[in-house]
């Protein structure tokens with residue numbers, strides 16, 4: 001039986017005399033799908049025709065994308081994601097696939113697209129971003145029953161993501177060469193790990209000086225206010241230094257950092273940060289390096305990866321694991337319990353070395369002693 005569950009819906013998918021039949025089961029259960037497949041096979045064996053299949057759409061990729069973008073992307077994605085997808089479609093995918101009918105886009109054609117983009121020296125991670133948009137577009141065409149099947153899309157291999165961070169002395173030098181909003185924003189980034197969009201979206205309601213807690217629940221991207229990247233709220237304890245910074249600031253607006261009652265411009269403050277780095281004789285860095293610095297210093301001070309994940313707001317701990325190698329002492333303490341080349345004394349001494357309590361070990365010691373006593377008595 002060729003039945004399977006796709007997105008909480010049971011389907012039959014089988015071949016009969018070299019023809020493929022793929023239909024949604026009228027009864028949404030495994031047994032119902034099996035019965036439906038048996039019924040279809042019986043009809044085919046008797047020479048009866050099944051319900052007429054919908055003819056394949058000859059709609060070109062560019063035309064479908066226009067509809068998909070207006071109906072799906074604008075309804076389900078954040079402002080920054082909408083802008084990113086629009087750029088990928090307009091600059092890359094539509095010029096290559098635009099005139100091709102949807103059903104003619106197969107795995108081989110997608111592989112040709114990957115090869116052409118690799119010739120332009122676009123990095124594999126960026127090409128994978130293109131493929132992710134393509135995959136979602138074709139999956140939606142299948143969900144809307146415009147396509148009968150979707151091609152397999154294999155992502156390119158990418159090297160481990162590299163990141164840079166500042167040392168403690170570099171942080172002090174950078175802060176010493178800045179003032180005003182720039183100084184305070186850098187301090188916030190170093191002490192909280194907030195993204196730039198989260199920093200400029202901070203409002204006074206998000207800051208609780210009594211409890212010394214910062215609430216992160218929104219972000220500004222491309223000049224528009226929206227949710228955080230992970231769509232989750234998180235709470236970050238504030239240091240005394242950070243509390244003093246917020247106490248000293250004058251409340252001009254609902255936003256903590258603003259200019260003429262408007263959110264700060266990202267391009268302008270990236271340039272200001274570059275200039276401050278140059279004046280400090282440091283390598284030019286972006287705002288995200290401050291986030292990496294926050295996480296790296298926590299890892300170096302043996303803060304658990306799980307705690308760092310919560311503070312950064314990562315939805316997947318794999319993203320946070322890039323900082324794990326900066327905390328070698330945890331690995332050292334784990335290996336230090338091994339002493340294969342040394343005499344560790346009796347069982348109790350070894351148990352203490354590897355962290356077993358004496359209470360847990362007593363039944364083992366008692367059993368060994370009893371066995372030795374029985375052996376000695378058997379020789380008497």
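The values are calculated or read from the model by the stated rules, or taken from the named source; none is laboratory data. All values reported here derive from a predicted model rather than from experimental measurement. So basically every Cβ, Gly included, is an ideal-geometry build from the backbone, and we count neighbours across all protein chains shown.
Residues in region 213-233 that are in a loop (DSSP other than H, G, I, E, B) and either surrounded by 15 or more Cβ atoms within 10 Å (Cβ to Cβ) or at negative phi (or both): 217, 218, 227, 228, 229, 230, 232, 233.
Among the residues making up region 142-179, those that are surrounded by 14 or more Cβ atoms within 10 Å (Cβ to Cβ) and under 23 Å from residue 293 (Cα atoms) are 163, 165, 166, 170, 171, 173, 174, 175, 177, 178. Is it the case that some residue within region 303-320 is farther than 27 Å from residue 207 by Cα, touching a residue at least 24 places away in the same chain (Cβ under 8 Å) and not in a helix (DSSP H, G or I)? Checked region 303-320: no residue is farther than 27 Å from residue 207 by Cα, touching a residue at least 24 places away in the same chain (Cβ under 8 Å) and not in a helix (DSSP H, G or I).
Restricting 93, 89, 50, 39 to residues that are part of a helix (DSSP H, G or I) and over 30 Å from residue 122 (Cβ atoms) narrows the list to 39. You will find that of 147, 174, the residue that is more than 25 Å from the chain's Cα centre (by Cα), part of a helix (DSSP H, G or I), at negative phi and in contact (Cβ under 8 Å) with a residue 24 or more places away in the chain is 174 and no other. Close Cβ contacts (under 6 Å, 6 or more residues apart or on different chains) running from residues in region 89-100 that are surrounded by fewer than 16 Cβ atoms within 10 Å (Cβ to Cβ) to residues that are at pLDDT below 95 and not in a helix (DSSP H, G or I) comprise 99/60. Considering 272, 187, the condition of being in contact with a helix residue (DSSP H, G or I) (Cβ under 8 Å, 6 or more places away or on another chain), more than 24 Å from residue 319 (Cα to Cα) and assigned by TED's automatic domain parsing to the domain that holds residue 312 is satisfied by 272 alone.
Tell me whether region 109-121 contains one or more residues that are part of a loop (DSSP other than H, G, I, E, B), surrounded by fewer than 17 Cβ atoms within 10 Å (Cβ to Cβ) and either in contact (Cβ under 8 Å) with a residue 60 or more places away in the chain or in contact with a strand residue (DSSP E or B) (Cβ under 7 Å, 6 or more places away or on another chain) (or both). Among the residues of region 109-121, not one is part of a loop (DSSP other than H, G, I, E, B), surrounded by fewer than 17 Cβ atoms within 10 Å (Cβ to Cβ) and either in contact (Cβ under 8 Å) with a residue 60 or more places away in the chain or in contact with a strand residue (DSSP E or B) (Cβ under 7 Å, 6 or more places away or on another chain) (or both), which makes the answer no.
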